[in-house]
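Structure incoming, see below.
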Amino acid sequence: MVVDDGAQNLTDEADEPGWDVDPNDEWGVAVIATVGRQLKLRREAVGMRAAVFGEAVGYGEALIYKIEGGKRIPRPEFLDKADQVLDARGLIAAMKEDVKKVRYPKKVRDMAKLEGKAVEIGVYESNSIHGLLQTPEHARILIGAAQPPYSPDNVERMVAARLARQSVFERDPAPSIHFVMEEAPLHRRVGGTMAWRQQLERLLEVGRMRHVTLQIMPTNTDAHPGLDGRIELLKFPDGTAVGRSDGEFNGSTVFEPRKIRILELQYGTIRAQALPPRESLALIEQLLGET
């Protein structure tokens, strides 16, 4: 059987890190086990051996058994190809959305779900560039710098999860998003000149979006409520809100109105003390010119 170009692309990508199932993610394990079982049942129903099916989709027989056994997260492209080869009429391809979520750690899935519902998002970041603002290379370098180090598979899984959250910028209707970040991280050229230029360009790109404000907290400024760490506030259409603060509430998610009010006061003070958006973008442009 001749393997077409699409199948060849799948072969090239099949063994990339970041697609193994996290055994500690009970929901993810259940989803991938169900998908694998359905794939096997469909393959057997049409009388196709695993080796022949693998050749048709561009995967080795061993990898087909791994996917059918719920040990490997199938790529969206694989599910599309499998649907075509097995003449499943969209039943296999329809599983892509749930499968896509499994690749991301549960903590990230929960946060992305909240961000997907919020009408207003406020973030203060003290020590680094916030994940919603990171380029893929910047995210990969930061995650890869952890000690003890993550495995290559987990690094890629976490990078993919971080980037997936950035779809919040594309929502329609768009939420109102406010960022305040310290100036100090902007002077740390993570990843070398080219990678850092791309990161600064990404900050300018996001900061110029009509529904986003990006402010820089100057290094030579007075003390403010964010010196203990990150603050996040998300507000929803029904008037409820959730928040998190590394300092005030030790990083725990809070829902109570009294605690939310405390975070609102802190975040409001921080925004008032930071540079205005226009001056903040000018500072980033200046740093880009010096890089």
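The values are calculated or read from the model by the stated rules, or taken from the named source; none is laboratory data. The model shown is predicted, which means the values in this text are computed figures rather than measured ones. Cβ atoms come from the backbone with ideal geometry, glycine included; neighbour counts cover every protein chain shown.
Of a type outside the set (Ser, Thr, Tyr), in the same structural domain as residue 237 (by TED's automatic domain parsing) and under 18 Å from residue 77 (Cα atoms): which single residue out of 97, 170, 156, 137 fits that description?
None of the others qualify; the one that does is 156.
Give the residues of the range 123-158 that are in contact (Cβ under 8 Å) with a residue 24 or more places away in the chain, of a type in the set (A, V, I, L, M) and within 26 Å of residue 226 (Cβ to Cβ), sorted by residue number.
Scanning the range 123-158 gives 123, 129, 132, 133, 139, 141, 142, 158.
Please pick out the residue among 273, 198 that is under 20 Å from the mean Cα position of the chain (by Cα) and of a type outside the set (D, E, K, R).
Of the residues listed, the single one that is under 20 Å from the mean Cα position of the chain (by Cα) and of a type outside the set (D, E, K, R) is 198.
Looking at (1) buried (at least 18 other Cβ atoms within 10 Å of the Cβ); (2) without any contact (Cβ under 8 Å) to a residue 24 or more places away in the chain; (3) of a type outside the set (A, V, I, L, M); (4) assigned to a loop (DSSP other than H, G, I, E, B), find the lone condition where residue 247 falls short.
All conditions are met except number (1).
Looking at the range 250-273, can you tell me whether even one residue there is surrounded by 13 or more Cβ atoms within 10 Å (Cβ to Cβ) and part of a loop (DSSP other than H, G, I, E, B)?
No, every residue in the range 250-273 fails to be surrounded by 13 or more Cβ atoms within 10 Å (Cβ to Cβ) and part of a loop (DSSP other than H, G, I, E, B).
In addition: Residue by residue through the range 155-187, note down the ones that are assigned to a strand (DSSP E or B), within 16 Å of residue 142 (Cβ to Cβ) and among the hydrophobic types (A, V, I, L, M, F, W, C).
Of everything in the range 155-187, just one residue is assigned to a strand (DSSP E or B), within 16 Å of residue 142 (Cβ to Cβ) and among the hydrophobic types (A, V, I, L, M, F, W, C), namely 181.
Any residue at all in the range 104-121 that's surrounded by 17 or more Cβ atoms within 10 Å (Cβ to Cβ), in a strand (DSSP E or B) and not assigned by TED's automatic domain parsing to the domain that holds residue 32?
Within the range 104-121 (the criterion being surrounded by 17 or more Cβ atoms within 10 Å (Cβ to Cβ), in a strand (DSSP E or B) and not assigned by TED's automatic domain parsing to the domain that holds residue 32), the answer is yes, since at least one residue qualifies.
On to the next question. For a quick check of your reading: which helices (runs of 4 or more DSSP H) sit entirely within the range 1-77 and have at least 2 residues that are at pLDDT 80 or above, surrounded by 14 or more Cβ atoms within 10 Å (Cβ to Cβ) and within 28 Å of the chain's Cα centre (by Cα)?
Answer list for the range 1-77: 26-45, 61-68.
Can you find even one residue in the range 86-97 that is free of Cβ contacts under 8 Å to residues at least 12 places away in the same chain, under 27 Å from residue 24 (Cβ atoms) and among the acidic types (Asp, Glu)?
Yes, the range 86-97 has at least one match.
Take the residues of the range 147-161 that are under 21 Å from residue 111 (Cα atoms) and either modelled with pLDDT of 95 or more or of a type in the set (Gly, Ala, Ser) (or both): which is surrounded by the fewest Cβ atoms within 10 Å (Cβ to Cβ)?
The extreme case among them is 160.
When residues of the range 274-291 are filtered for being in a loop (DSSP other than H, G, I, E, B) and in contact with a His (Cβ under 9 Å, 6 or more places away or on another chain), how many remain?
1
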